[in-house]
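The values are calculated or read from the model by the stated rules, or taken from the named source; none is laboratory data. Only a predicted model underlies this, so the values are computations on that prediction, with no experimental measurement involved. Cβ atoms come from the backbone with ideal geometry, glycine included; neighbour counts cover every protein chain shown. Surface accessibility is based on the protein's heavy atoms, side chains included, excluding ligands, DNA and RNA. Shrake-Rupley method; radii C 1.70, N 1.55, O 1.52, S 1.80 Å.
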Amino acid sequence: MSEQKPSKINHLLASLEDTDLVSSRWLQAHGYSRSLVARYVSSGWLVSPARGVYLRKGGRLQWQGVLRSLQEREGLALYVGGRFALAMHGYEHYLRLGEAATITLYGTTRPPGWLSQLALPERFVFCGKPPFVWPFTADSQKDHLLEQGLKRQEMLSGAGTIVCSTPERAILELCDSPTCAAMVYEADALMQSLATLSPKRMTALLRHCNSIKAKRLFLALADRYQHAWLRRLSLDEVDLGSGKRVLIPGGRLHPIYQITLPRDLDEHLG
């Protein structure tokens, strides 16, 4: 018995990188009882940054490691999308000076409660189910992920890779956000810089997007900048719905995509 316990803790510590988290749920599922985990904590082998989750001794709490643990160890269908995914790819219009980064998560499973209790400078926000018909699992192969507008992004912090949206998918997710003029201003400013989107990937995403609002807003904003990829989109099988859509009350109706945009849109370009 005395030989097995050191072997068990050594096996656990060897499986944890410096930024990895492990939950009580995972530990119990892998044969680590609550009393044994409590003993590891009291002995200093593990530390608990929030109730129900643990780091190895000397571990570092970073959002990249947290997300990788959620995707790989916990197996949760969560990924970085929308606004923060665009920022990860170098597209960020509003610097939000003095504000901590907000990491926008999408998926079919809500994050565990301990996620909001971690003492991180960044804040996680769950945006709900993405506006696409595809199911998502974090262990999908590279080619399968790319077909859905997702990719594995290498983290400079040394926390391995995490699954996030490509710019093509992320801008549609942003356009699907709760409607307000500020969201449209931001999406428009970002669209101005999205000059190198893949027309093939963008076409596939538009065909599989189930949000009429997101598709119309995306196309209306893209029409303002006429990037080269826009002329290469194929909209034959893209469902844009019917009738007019009032996105912004009192706004200006786009003549092609029949959605209202803020009248002062040009004034908000930086």
* Could you sort Arg34, Arg216, Arg73, Arg123 by accessible area so the largest value comes first, with the probe set to 1.4 Å? -> Arg34, Arg123, Arg73, Arg216
* Asked: Measuring from the lowest to the highest alpha carbon on each principal axis, how far does the chain reach, largest first, in angstroms?
  -> 76, 38, 29
* **Antiparallel content of DSSP bridges confined to the chain, in %, to 5** => 75
* Structure fact -> SASA check, Thr260, accessible area w/ 1.4 Å probe, all protein chains in place, rounded to nearest 10 Å², comes out at 10
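If we count every other residue with Cβ under 15 angstrom of Leu247's Cβ, Lys/Arg +1 and Asp/Glu -1, where does the sum land? Intermediate results must be reported in sequence, preceding the final value.
Details: positive: Lys213, Lys215, Arg216, Arg224, Lys244, Arg245, Arg252, Arg263; negative: Asp176, Glu186, Asp188, Asp223, Asp264.
So the surrounding residues net to +3.
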* Picking from Val184, Val246, Val53, which is most flexible by a Gaussian network model of the chain using Cα springs under 10 Å? -> Val246
* **Local electrostatic count at Glu17 - Lys and Arg +1, Asp and Glu -1, tallied over other residues with Cβ under 9 Å** => 0
* Considering only protein heavy atoms, what is the solvent-accessible area of His208 at a probe of 1.4 Å, reported in Å² to the nearest 10? -> 70
* Rg/Rh ratio calculated on Cα atoms of the stretch 1-74 (Kirkwood radius) -> 0.94
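I want the local charge near Arg201. Using Cβ-Cβ distances under 12 Å, sum +1 for each Lys or Arg and -1 for each Asp or Glu among the other residues.
Working: positive: Lys151, Arg169, Lys200, Arg207, Arg232; negative: Glu147, Glu168.
Overall, the nearby charge balance is +3.
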* Alpha carbons only, please: Rg and Dmax for the stretch 102-159, in angstrom. => 13.3, 35
* Structure fact -> Expected field for Lys129, accessible surface area in Å² at 1.4 Å probe radius, rounded to 10, holds 140
* Asked: Given the stretch 124-270, what count of lysine pairs have C-alpha atoms under 18 Å apart, with each pair 8 or more places apart or on different chains?
  -> 9
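Between Ser42 and His11, what FRET efficiency follows from the Cβ-Cβ distance if R0 is 22 Å, with the result rounded to 0.05?
Numbers: r = 19 Å, r/R0 = 0.87.
Approximately 0.70, to the nearest 0.05.
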* Name the most mobile residue of Lys200, Lys213, Lys151, meaning the one with the largest mean-square fluctuation, in a Gaussian network model of the chain with Cα contacts below 10 Å. => Lys200
* **Where only C-alpha atoms are counted, convex hull volume of the stretch 21-124 per residue in Å³** => 106
